[in-house]
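J.: Have a look at this one before I ask anything.
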Amino acid sequence: MMGKRQRQRGAETEREVCDKLAEGTGWIVKRELGQARDGGCDIRLAQFVIEVKRRKSIAVYDWVDQAKAACAPYELPVVVCRGDKREFLVVQPFEDWLRMAKDKLPER
């Protein structure tokens, strides 16, 4: 069961991501209210269904740092990872993803 402080911290992080998405795309971006109760996503932006997670420590940052260290100035770091019996996931810095996503969004 999630405590009140965890819910507040999660909501703060979702609002922060909404602000970054709005700033980077020019779209109005809002949290999906009631998503925890209804089992939905945190944010919808055109065809993107976004789940926002914030944890004290996630090992994937080490993998991203490793990919960044191998990059030339014109290259983008990308981590592909998979848990046992799970699908592959792509992890990359938010700003890199935002630049790519902005090109995919319909005109506003």
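J.: Of all the strands (runs of 3 or more DSSP E) wholly in the range 1-103, which have at least 3 residues that are open to solvent by less than 100 Å² (accessible area, probe 1.4 Å) and modelled with pLDDT of 95 or more? Give the steps one after another, and end with the answer.
T.: Numbers: elements: 43-45, 48-50, 79-82, 88-91.
Result: empty, no element qualifies.
J.: May I ask you to verify whether ILE58 is β-branched (Val, Ile, Thr) and out of contact with any strand residue (DSSP E or B) (no Cβ under 7 Å at 6 or more places or on another chain)?
T.: Criteria met by ILE58.
J.: For the range 29-68, enumerate the residues that are farther than 18 Å from TRP97 by Cα and β-branched (Val, Ile, Thr).
T.: ILE58
J.: Scan the range 92-108 and report the pairs whose first residue is closer than 15 Å to ALA46 by Cα and whose second residue is surrounded by fewer than 10 Cβ atoms within 10 Å (Cβ to Cβ), with Cβ atoms within less than 8 Å and a gap of 6+ or a chain change.
T.: Matching pairs, first to second residue: LYS104/GLN47.
The values are calculated or read from the model by the stated rules, or taken from the named source; none is laboratory data. Values in this document were obtained by computation on a predicted structure and should not be read as measured data. All Cβ positions, glycine included, derive from the backbone under ideal geometry; neighbour counts span all protein chains shown. With ligands, DNA and RNA removed, areas are computed over all heavy atoms of the protein, side chains included. Shrake-Rupley method; radii C 1.70, N 1.55, O 1.52, S 1.80 Å.
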